[in-house]
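I have placed the structure first, in the form of structure tokens, so that the comments after it can refer back to it.
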Amino acid sequence: MKINFLYVRHGETIFNVTNKSQGACDSPLTENGINQAKECANRLSATYIDKCYCSTSERAMDTANIVLENRNISITSLKGLKEMSFGYLEGSDLTVPDSEMGKCWNTKDFTKYNGENRELFENRIRDTYQYIVDESKDGETILIVSHRGYFNYMLEALFNMDLDELERENPNYLETLIPNASVAKFYYEDDKYILEEMPR
């Protein structure tokens, strides 16, 4: 069985612009973010899509609805596609040096503040994709609309890439990897996830 995936990050949000962490909490799309989603819709206009799974976050749902406007495609919202939870640190200013947010981000562990850590997050990613695979048919093309951090940790959880090594090579790699409303392509076959095209 082969399943094709298109992965889209949501459009720009107010928190993206003001450098605040949004994780499992939310902020609305900016006008620019809405336009980014429309441009993404144009890029995918000739691509056949069977169905869509989307994070339950408003920014992702709004992006999915714009991308699939004028298409008769069902959108299934899944909490398992939400961004990593930062717990009580949601909404923190990302520009404050040596902040609790920064310290937790360095260790990838927010459990102290009722959030997730790397292991919990990656297990959630694997479980969510297994659910999607189990619900899919051979040859289907599935649109996923989710988040930047989610995609970054997919690299490790699904594609066995070493995020620590990527960050050592380029400290800004994970911050710039998947721009708002960009598209990545991968597929599932023979119990493996194969990355075809990085976000662009």
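The values are calculated or read from the model by the stated rules, or taken from the named source; none is laboratory data. Everything numeric here is computed off the predicted structure, so don't read it as measured data. Reconstructed Cβ throughout: ideal geometry from the backbone, glycine too, with neighbour counts over all protein chains shown. Just so you know, the surface numbers come from the protein's heavy atoms only, side chains and all, with ligands and any DNA or RNA stripped out. Shrake-Rupley method; radii C 1.70, N 1.55, O 1.52, S 1.80 Å.
In the structure shown, do any of 108/192; 137/192; 79/112 have a Cα-Cα gap over 18 Å, and if so which?
On the way: 108/192 25 Å; 137/192 16 Å; 79/112 21 Å.
Beyond 18 Å between Cα atoms: 108/192; 79/112.
Please report Rg over Rh for the chain, where both radii come from the alpha carbon positions and Rh follows the Kirkwood definition.
On the way: Rg = 16.2 Å, Rh = 17.1 Å.
My calculation puts Rg/Rh at 0.95.
From the C-alpha gyration tensor of the range 97-172, pull out the three semi-axes of the equivalent ellipsoid (sqrt of 5λ each), sorted largest to smallest, in whole Å. It would help to have the intermediate numbers written out before the result.
On the way: eigenvalues 152, 47, 21 Å².
The equivalent ellipsoid of the range 97-172 has semi-axes of 28, 15, 10 Å.
If contacts are Cα pairs under 8 angstrom and at least 6 residues apart, what is the relative contact order of the range 102-167 in percent? The partial results should precede the final answer.
Details: 28 pairs, mean separation 17.0, N = 66.
In percent, rounded to a whole number, it is 26.
Over the chain, what is the mean sequence separation of C-alpha contacts under 8 Å (at least six apart), divided by residue count, expressed as relative contact order in percent? Could the numbers behind the result be given before it?
Numbers: 374 pairs, mean separation 66.2, N = 200.
33 percent.
Ignoring ligands, DNA and RNA, please state the percent of accessible area on the chain from carbon and sulfur, probe 1.4 Å. List each step's numbers first, then the result.
Numbers: 4400 of 9890 Å².
Carbon and sulfur: 44 percent of the exposed surface of the chain.
Can you grab the distance from the C-alpha centre of the range 14-31 to the C-alpha centre of the range 82-153, Å, no decimals?
After rounding, the separation between the Cα centres reads 15 Å.
Would you work out the charge dipole size for the range 149-193 about its Cα centre, treating the Cβ of every Lys and Arg as +1 and the Cβ of every Asp and Glu as -1, and quote it to the nearest 20 debye?
Details: 3 positive and 10 negative charges, 51 e Å.
Roughly 240 debye for the range 149-193.
Percent relative contact order of the range 1-110, based on C-alpha pairs within less than 8 angstrom and at least six residues apart?
Reported as a whole number, the value is 31 percent.
Determine the dipole magnitude for the range 42-184: charges of +1 sit on the beta-carbon of Lys and Arg, -1 on that of Asp and Glu, nothing else is charged, the reference point is the Cα centre, and the result goes in debye to the nearest 20. Show your work: numbers first, answer last.
On the way: 15 positive and 25 negative charges, 80 e Å.
Here the range 42-184 has a charge dipole of around 380 debye.
Using the heavy atoms of the protein chains alone and a 1.4 angstrom probe, what is the accessible area of the chain per residue in square angstrom? Walk me through the intermediate numbers first.
On the way: 9890 Å² over 200 residues.
Roughly 49 Å² per residue, with all protein chains present.
Taking a ≥ b ≥ c as the square roots of the Cα gyration tensor eigenvalues, with a/c under 1.5 meaning rounded and otherwise prolate when a/b beats b/c, else oblate, which class fits the range 19-137? The partial results should precede the final answer.
Working: a/c = 2.99, a/b = 1.51, b/c = 1.98.
Verdict is oblate for the range 19-137.
Cα axis of helix 118-135 to longest principal axis of the chain: angle in degrees, 0 to 90, nearest 10?
Taking Cα atoms only, the helix is inclined about 10 degrees.
Rg and Dmax of the range 112-151, Cα atoms, in Å?
Every Cα atom of the range 112-151 included, Rg and Dmax give 12.9, 43 Å.
With unit charges on the beta carbons (Lys and Arg positive, Asp and Glu negative) and the dipole taken about the Cα centre of the chain, which residue among 16, 95, 171 sits farthest to the positive side?
16
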